[in-house]
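Here's the structure we're looking at; comments come further down.
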2 protein chains.
Amino acid sequence: MNAITNVHYYPEDVLSHQVITRLIQAGAQETDAEATTRALIHASRIGVDSHGVRLVGHYVRLLQTGGINRRPTIIFERTGPATGQLNADGGLAHPAAYLAMNEAVQLARETGIGTVGVHHSSHFGAAGAYVVEAARHGMISLIMSNSDAAVSLFGGAQPFHGTNPIAMAAPVKNSDPWFMDIATSSIPFNRVKLYRSLGLQLPTGVAANSAGHSTQDALAASFLQPLGGEGFGFKGAALAGLVAILAGALTGAALDPVMVGTDEEQNYQKRQNVGHFAIAIDPARFVGHVTYELAMNRYLELLRSGPSVDPLHPVMAPGDREWKEAKRRATNGIPVDFETIQILGLKV
Amino acid sequence: MNAITNVHYYPEDVLSHQVITRLIQAGAQETDAEATTRALIHASRIGVDSHGVRLVGHYVRLLQTGGINRRPTIIFERTGPATGQLNADGGLAHPAAYLAMNEAVQLARETGIGTVGVHHSSHFGAAGAYVVEAARHGMISLIMSNSDAAVSLFGGAQPFHGTNPIAMAAPVKNSDPWFMDIATSSIPFNRVKLYRSLGLQLPTGVAANSAGHSTQDALAASFLQPLGGEGFGFKGAALAGLVAILAGALTGAALDPVMVGTDEEQNYQKRQNVGHFAIAIDPARFVGHVTYELAMNRYLELLRSGPSVDPLHPVMAPGDREWKEAKRRATNGIPVDFETIQILGLKV
């Protein structure tokens with residue numbers, strides 16, 4: 001479901017130019033503004049509008065208040081033959097995450113797998129932006145990020161973990177990659193807000209009221225519940241914990257439950273110390289590039305040719321919907337909501 | 001819920017001795033029998049009876065029919081500074097998985113992260129057995145395995161992925177590790193069989209009838225649905241795909257949808273070519289051992305002290321329930337069902 005109503009459509013290059021300009025205006029360094037724009041446009045291009053150019057207002061605000069460092073010095077330190085740590089210095093997260101993934105790819109070329117931990121970062125937008133890059137270099141990759149508390153534990157009565165996304169891309173010969181990008185909650189909190197404004201009931205087992213009881217009443221919903229729903233939320237909570245440990249405890253970032261939230265005005269000038277964890281894997285060091293490519297083709301062929309419950313909705317691989325939407329938007333343009341149009345100073 | 005009724009209790013060492021003896025009797029090499037027993041006892045010890053000594057009958061049958069190679073030669077090949085491939089030669093999976101994890105740990109000591117792909121393996125039991133080992137060496141680790149088709153895709157009308165488990169352990173100073181071991185379906189098919197025999201309704205969104213429609217009727221349930229349930233099964237399907245790619249396509253194992261199943265008699269003598277993927281990560285190469293340990297302690301302290309919805313059921317970290325059960329069973333013994341008692345020739 002798309003949260004955007006009352007939108008205008010813009011070609012990617014026009015939009016991209018305006019986003020860079022606006023971020024620089026807010027004090028970002030040019031290369032940082034470019035990287036952030038690239039990540040936002042990735043999400044907008046494939047239809048993930050919640051993490052697309054809509055976020056520019058959020059980043060502009062934090063750049064202006066100092067919640068995001070306008071002049072960070074990113075420092076990458078190689079800590080082992082296959083590992084590195086990256087200090088994002090409180091700046092925009094996107095340049096740091098692109099750099100971390102790029103370093104992981106370089107390490108993987110040397111050692112077969114490369115891993116970079118990122119700390120003192122901020123909200124990195126759509127996790128998928130970074131893995132798609134690594135796929136272009138022939139690497140399988142994963143990235144994850146912790147975030148401030150928004151999701152309860154299984155049976156917990158308050159938010160504890162962030163929505164802690166996990167993204168992975170696997171290259172496919174002559175095609176877009178296999179591509180997943182999922183939060184470890186069932187829905188983002190934006191969805192709750194959308195259901196509120198539409199007067200709709202939430203699905204079961206996705207959100208809780210302030211006492212921690214699962215609720216379908218969007219107005220009563222106070223925080224999210226982990227993926228898996230009422231019976232199996234312990235699995236989603238474990239996956240959120242996996243991210244909290246690898247991207248948080250292991251990198252030196254803030255732990256989810258004590259991380260500063262950015263939604264409240266009194267926190268606008270505080271730094272979050274978000275953590276990310278990037279992994280790149282070279283198929284050449286396992287079954288070999290050619291055999292891997294053949295296996296991926298066969299896997300996707302089997303997947304897409306299988307029967308679906310609803311004949312009108314064929315089974316899709318992760319990413320198929322997104323790449324299809326990217327084609328549509330290359331023609332029709334990218335939808336931008338009215339508030340963001342104002343922030344970007346776009347012509348309507 | 002525990003599938004075991006009509007059980008007797010045995011001390012771990014007695015049970016362990018009988019399982020080794022029975023596997024050797026069925027033709028397994030001594031070191032293989034020892035490794036398999038260790039993995040089965042791990043699961044039985046922590047209360048995961050579905051993957052405990054109950055499985056010995058399954059392995060005995062496949063050893064006898066040749067579905068599992070009685071005299072495998074496991075070959076490990078280092079393929080890069082941080083990577084290796086392990087050919088399990090169609091033997092019992094447990095020695096191969098332990099060896100793969102051990103090699104990953106050695107690699108991680110050298111390079112910071114070590115990764116081993118395993119192919120031509122078989123069913124490795126509880127994924128958790130292997131990560132717990134790595135935690136004893138101070139390493140964070142993950143292991144995953146693909147398996148034969150049992151779980152539909154999101155909107156799919158037939159089984160496609162295996163239950164494809166993901167396990168992770170993270171060492172905790174002076175304590176049992178943080179420890180998760182989850183299938184990427186909501187439930188295992190054993191649970192469906194248990195509900196059938198108990199005449200109970202299944203939870204919603206966990207299984208489908210032969211047409212692929214979600215059903216709560218255990219008798220009508222034909223295959224499983226991915227974690228996330230009716231609205232969010234695309235996330236579970238993506239996670240199952242992550243495992244299918246890393247443990248399957250990348251290692252040279254059979255792909256889930258075309259892997260031989262071991263439940264049907266006509267397949268008893270066929271080899272599955274299951275794949276696993278093991279990763280070990282050295283905290284020393286990231287934030288450093290001491291800071292990592294402090295962060296994990298703080299994380300778990302925050303987690304366990306948080307409010308729960310039901311005051312009688314405090315919030316737990318992944319693994320807490322299992323380590324508690326292990327203590328109980330160290331005193332009370334391990335429950336064994338009647339059929340397994342017969343297979344093992346245990347005294348009642």
Any pair with Cβ under 6 angstrom, 6 or more apart, that starts in region B:222-241 at a residue that is among the basic types (Lys, Arg) and ends at one that is part of a loop (DSSP other than H, G, I, E, B) and modelled with pLDDT of 95 or more: B:Lys235/A:Leu227; B:Lys235/B:Gly228
Only one of B:Arg328, B:Arg271, B:Arg321 is more than 10 Å from chain A (Cβ to nearest Cβ) and either within 17 Å of the chain's Cα centre (by Cα) or under 30 Å from B:Arg70 (Cβ atoms) (or both), namely B:Arg271
Kindly establish whether B:Ala278 is more than 7 Å from every other protein chain (Cβ to nearest Cβ), in a loop (DSSP other than H, G, I, E, B) and in contact with a helix residue (DSSP H, G or I) (Cβ under 7 Å, 6 or more places away or on another chain). no
Of those in region B:138-159 that are within 11 Å of chain A (Cβ to nearest Cβ), within 19 Å of the chain's Cα centre (by Cα) and closer than 22 Å to B:Leu224 by Cβ, the residue surrounded by the most Cβ atoms within 10 Å (Cβ to Cβ) is B:Asn146
Of all residues in region A:293-305, how many are over 27 Å from the mean Cα position of the chain (by Cα), surrounded by fewer than 18 Cβ atoms within 10 Å (Cβ to Cβ) and not charged (D, E, K, R)? 3
Under the condition of being in a helix (DSSP H, G or I) and over 20 Å from A:Leu300 (Cα atoms), which residue from region B:227-247 is farthest from the other protein chains (Cβ to nearest Cβ)? B:Glu230
For strands (runs of 3 or more DSSP E) lying entirely in region B:4-88, having 2 or more residues that are of a type outside the set (Phe, Trp, Tyr) and more than 30 Å from B:Ala108 (Cα to Cα) picks out B:7-10
Give me a count of the residues in region B:107-121 that are assigned to a strand (DSSP E or B), more than 16 Å from B:Ala97 (Cα to Cα) and more than 8 Å from chain A (Cβ to nearest Cβ). 0
What is the number of the single condition among (1) of a type in the set (Asp, Glu); (2) crowded, with 19+ Cβ neighbours inside 10 Å; (3) at the interface with chain B (Cβ under 8 Å from one of its Cβ atoms) that A:Asp310 does not meet? (2)
In region B:186-226, what residues are in a loop (DSSP other than H, G, I, E, B), closer than 16 Å to B:Ser147 by Cα and in contact with a strand residue (DSSP E or B) (Cβ under 6 Å, 6 or more places away or on another chain)? B:Gln225
Filtered residue count, region A:296-344, keeping only those that are assigned to a loop (DSSP other than H, G, I, E, B) and in the same structural domain as A:Lys173 (by TED's automatic domain parsing): 1
So for region B:59-70 (the condition being of a type in the set (Lys, Arg) and in contact with a strand residue (DSSP E or B) (Cβ under 6 Å, 6 or more places away or on another chain)), does at least one residue qualify? no
In region A:303-341, the residues that are among the aromatic types (Phe, Trp, Tyr) and under 23 Å from A:Gly128 (Cα atoms): A:Trp323
Sole residue being within 13 Å of chain B (Cβ to nearest Cβ), under 20 Å from B:Gly231 (Cα atoms) and modelled with pLDDT of 95 or more, chosen from A:Leu255, A:Leu224, A:Leu250: A:Leu224
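The values are calculated or read from the model by the stated rules, or taken from the named source; none is laboratory data. Since we're looking at a predicted model, the values are computed, not measured. All Cβ positions, even for glycine, are placed from backbone atoms using ideal geometry, and neighbour counts span all protein chains on display.
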